[in-house]
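**Student:** There's a structure below that I have some questions on.
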Amino acid sequence: MDTDHLVTESRLEASRNIDQVSTEEMVRIINEQDKLVALAVEQELPRIARAIDLIAARLREGGRLFYVGAGTSGRLGVLDASEIPPTYGTPHDLVQGVIAGGPEAVFVTREGAEDSREQGVADIAARVKAGDVVVGIAASGRTPYTVAAVEEARRRGCATVAVTNNPGSALAAAADVAIAPVVGPEVVMGSTRMKAGTAQKMVLNMLSTGAMIRLGKVYTNLMVDMQASNEKLRQRAVRMVALAAETDEETAGRALSAAGGSVKQAIVALVAGVDPAAARDALERAGGLVRKAIALARER
C-alpha cells in the first residue's frame with residue numbers, strides 16, 4: 001500500500017500554517033481535530049461490541065488477551081495491558097502487551113523493528129496458544145511486524161482483532177474483526193500519535209473495559225475486583241461497598257474487614273444478609289458474578 005493513499009499520511013489543509021499562528025490558535029486547531037476522534041470511534045461501535053464479546057468468550061474459556069503493535073501503537077497496547085491487573089484484580093498474564101523491539105522499545109524508539117515480519121511471527125509463536133485473542137494495532141494497517149503477528153496468531157487458532165485507522169488495509173483483512181475509525185489526516189502530517197493514537201486508546205479502553213464487565217469484574221458501575229493496594233484504594237473499596245449495599249461507610253468497613261478485604265464478598269454479605277462464609281460460597285457457585293451470587297445467597 002503506497003503511503004500517498006493512506007488516510008493517516010495525508011496532509012491536513014486546516015493546519016498548513018500552524019507554524020505561523022498564535023499559540024492559542026495552534027491549540028484551537030488541534031482541539032478542533034481532536035473533536036472528530038470520538039465521532040470516528042462512534043462509527044465503529046458495532047464492530048467494537050463484536051470484538052468485546054469475542055474477547056470475553058475466549059477469556060471465559062481460559063484464553064488470554066494479547067495486544068501487539070509497533071511504536072505508538074505498541075506502547076498503547078502495553079499501557080492498556082499493564083492497567084488491567086490493578087483495576088480488575090486479574091492475573092498479570094491474562095492481558096499482555098507485545099511491542100516490536102521488545103520491552104525496551106516502550107522507552108527507547110526502535111522504529112526499524114516494525115519492518116520485520118519474521119520477528120512478528122516469532123514473538124507471537126513464543127507466547128500464544130489456541131484459544132487466545134490477539135489484537136493487532138497499527139494506524140496505517142500495514143506495519144509488517146503487526147500484520148505478520150496477527151496472521152500467525154490466526155494460524156495458531158487464536159481469535160484476532162485489528163485496530164487500525166485505514167479501512168481495507170492488510171491488517172484489517174488479516175483479522176476476524178476489524179475496527180477502523182477514520183480520523184483523517186493529522187495536524188502534523190504523519191504524526192499518528194495524535195488523532196490516530198487517541199482513537200486507538202479509546203478503542204482499547206472499550207475492549208478491555210467491556211470484556212471485564214462481561215466477566216463480572218464490574219457490579220453496577222463499580223470495579224469490585226479492584227486490588228486495594230494503597231490507602232486511597234482501600235478507602236475507595238469501603239466506599240464501593242457502602243454504595244453497592246446502600247449503607248454507611250462504617251458498616252461497609254466492618255463488612256469489608258470480615259470479608260478479608262474482598263469487595264465482592266462484602267457486598268454479597270450485606271445485600272443478601274448472609275455471613276462472609278455464605279457470601280464466599282455463593283460467589284464461588286456464581287462464578288464471581290455478584291448479581292447471581294446475591295440471588296443464590298438469598299435462596300439459602
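The values are calculated or read from the model by the stated rules, or taken from the named source; none is laboratory data. Bear in mind the structure is a predicted one, so any value in this text is a computation, not a measurement. Glycine also receives a Cβ, built like all others from the backbone with ideal geometry; neighbour counts cover every protein chain displayed. Heads up: the accessible areas ignore ligands, DNA and RNA and are worked out on the full protein's heavy atoms, side chains in. Shrake-Rupley method; radii C 1.70, N 1.55, O 1.52, S 1.80 Å.
**Student:** Just need a number here: residues in the stretch 57-77 that are over 18 Å from residue 199 (Cβ atoms), open to solvent by 10 Å² or more (accessible area, probe 1.4 Å) and in contact with a Gly (Cβ under 7 Å, 6 or more places away or on another chain).
**Tutor:** Going through the stretch 57-77 one residue at a time, the tally reaches 3.
**Student:** Filter the stretch 28-77 for residues that are among the β-branched types (Val, Ile, Thr) and part of a loop (DSSP other than H, G, I, E, B) and give the result.
**Tutor:** Across the stretch 28-77, there are no qualifying residues.
**Student:** Still on this model: Quick one: how many residues across the stretch 258-278 are in a helix (DSSP H, G or I) and closer than 14 Å to residue 236 by Cα?
**Tutor:** Here the count works out to 4.
**Student:** For the stretch 236-253, enumerate the residues that are out of contact with any helix residue (DSSP H, G or I) (no Cβ under 7 Å at 6 or more places or on another chain), open to solvent by 50 Å² or more (accessible area, probe 1.4 Å) and touching a residue at least 12 places away in the same chain (Cβ under 8 Å).
**Tutor:** 243
**Student:** Then there's this: Which pairs turn up if I take residues in the stretch 289-300 that are over 8 Å from residue 272 (Cα atoms) and look for partners that are open to solvent by 70 Å² or more (accessible area, probe 1.4 Å) and among the basic types (Lys, Arg) with beta carbon separation below 7 Å, at least 6 apart in sequence or on another chain?
**Tutor:** 296/285
**Student:** Shifting gears a bit: Which of the residues spanning the stretch 87-141 are open to solvent by 10 Å² or more (accessible area, probe 1.4 Å), in a loop (DSSP other than H, G, I, E, B) and more than 29 Å from residue 183 (Cβ to Cβ)?
**Tutor:** 89, 91, 92, 93, 94, 126, 127, 128, 129, 130, 131
**Student:** All but one of (1) within 21 Å of residue 166 (Cα to Cα); (2) charged (D, E, K, R); (3) open to solvent by less than 10 Å² (accessible area, probe 1.4 Å) hold for residue 80; which doesn't?
**Tutor:** Unmet for residue 80, out of (1) within 21 Å of residue 166 (Cα to Cα); (2) charged (D, E, K, R); (3) open to solvent by less than 10 Å² (accessible area, probe 1.4 Å): (1).
**Student:** Restricting to the stretch 209-235, what's the tally of residues that are of a type in the set (A, V, I, L, M, F, W, C), open to solvent by 40 Å² or more (accessible area, probe 1.4 Å) and outside any loop (DSSP other than H, G, I, E, B)?
**Tutor:** 1
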